[in-house]
1. Please list, or write none, the lysines whose alpha carbon is within less than 25 Å of the alpha carbon of Lys52, excluding same-chain residues fewer than 8 places away.
2. In nm, to one decimal, how far is the modelled label at Ser123 from the one at Glu100, with both set 7 Å along Cα→Cβ?
3. Would you kindly derive the ³J(HN,Hα) couplings of region 254-259 from the backbone phi angles with the Karplus curve 6.51 cos²θ - 1.76 cosθ + 1.60 (θ = phi - 60°), listing them in order in whole Hz, with x for Gly and Pro?
4. Can you give me the C-alpha center-to-center distance between region 13-90 and region 229-248, rounded to a whole angstrom?
5. Residues with amide H under 5 Å of Asn9's amide H, sequence separation 5 or more or different chain, H placed in the peptide plane at 1.01 Å from N; which?
6. Go through region 137-146 residue by residue and turn each phi into a ³J(HN,Hα) via Karplus (6.51, -1.76, 1.60, θ = phi - 60°); whole Hz please, and just put x for glycine and proline.
7. Helix-only mean residue ellipticity at 222 nm, the chain, DSSP H runs n ≥ 4 weighted -39,500 (n - 2.57), per residue, nearest 500. What is it?
8. Note down the net charge around Glu189, summing +1 for each Lys or Arg and -1 for each Asp or Glu among other residues with Cβ under 13 Å from its Cβ.
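Readers should treat all values here as calculations from the given coordinates under stated rules, not as data from a laboratory. It should be emphasised that the depicted structure is a prediction, and the values quoted were computed from it without experimental measurement. Heads up, the Cβs are rebuilt from the backbone with ideal geometry, glycines too, and the neighbour counts pull from every protein chain shown.
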Amino acid sequence: MILNFGSLNADLVFSVPHFVRPGETLASDGVALHAGGKGANQSIALARAGAKTAHAGKIGPDGAWMKSRLDQEGVDTRHVLVDDRVLSGQAIIQVNPQGENCILLSAGANGAITRGEIDGILSNYGRHDLLVLQNEISETAHLIEAARARGMVVVFNAAPCTPAVKSYPLSLLSLLVVNETEGADLTGETGVQAILDAAAKLWPETALLLTLGGEGAWFAHRQSRIHQGVFPAKVVDTTAAGDTFLGFFLAAWSGGASPQEALKRAALAASITVSRPGAADSIPTAREVDDVLRTLLPG
């Protein structure tokens, strides 16, 4: 079982000719409301990739529709808590014609999760269960420590990479997931190979998944280093590309696929995502990825 303890946000997505500049009032070309947050997006990606997935997190009294969205995807939502004292997490997302995005976040209920609530939920899980975390909820360090104490496999996507992440017990992780900027912030190094080298020294038992956008991704653990390039795609919106990549990678990897196989599947899924508008709605299904794979590898 994969337990994703992560954020649930109401994503208000504006299509804009360019990102808003200081002091500017800009008319958008369109707007849409989606259920999102890195946590919810990754749960949907995991479920669409075929993994048995449960989501834990917190919403406000305004967030029932987001829980229903996960239910529709077959995600187990029994651990989604409701806090009547706060609003759900919110995100304002701008997407430009090149498919790039910038995001303004308000944590809302995501920042009101307590250690007691965490301990109660984790009591249902143990050795060999996989815990997926991002950095958009409260008490992330406690989650890492409590899950490892229960023998769980812990995966942490260090996004957003706030200064607090350096104080987290990253050596307890089974897998740390970062992009190049996050990797540089955490290791103090720049350049792919320097980041990989530094991470191996800082957290020798932790595997690293380093995502590089258009340059693909690296998986590194001890002496092993594996690179995966991207699949060509017409980029429409990159909003959920990283979440898709991680969801499909973890679904394959936890299911027994080699890192190389998991990377390839994840890269292909992400290439489908960036060719579509939206966040969670742009994430492909396992069947779609299989169909494309068959065209690439006939027979």
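1. Output for Lys52: Lys38, Lys67, Lys264.
2. Rounded to a tenth, the inter-label distance reads 4.9 nm.
3. Karplus-based 3J(HN,Hα) across region 254-259 equals 5, x, x, 5, 5, x Hz.
4. Answer, in whole Å: 18.
5. Under 5 Å from the amide H of Asn9 lie the amide H atoms of Gly36, Gly37, Ala40, each far enough along the sequence or on another chain.
6. 10, 7, 6, 5, 4, 5, 4, 4, 5, 5
7. Details: 9 runs with 98 residues, N = 299.
So the helix-based figure for the chain works out to -10000 deg cm²/dmol.
8. Numbers: positive: Lys201; negative: Glu180, Glu182, Asp185, Asp197.
Local net charge: -3.
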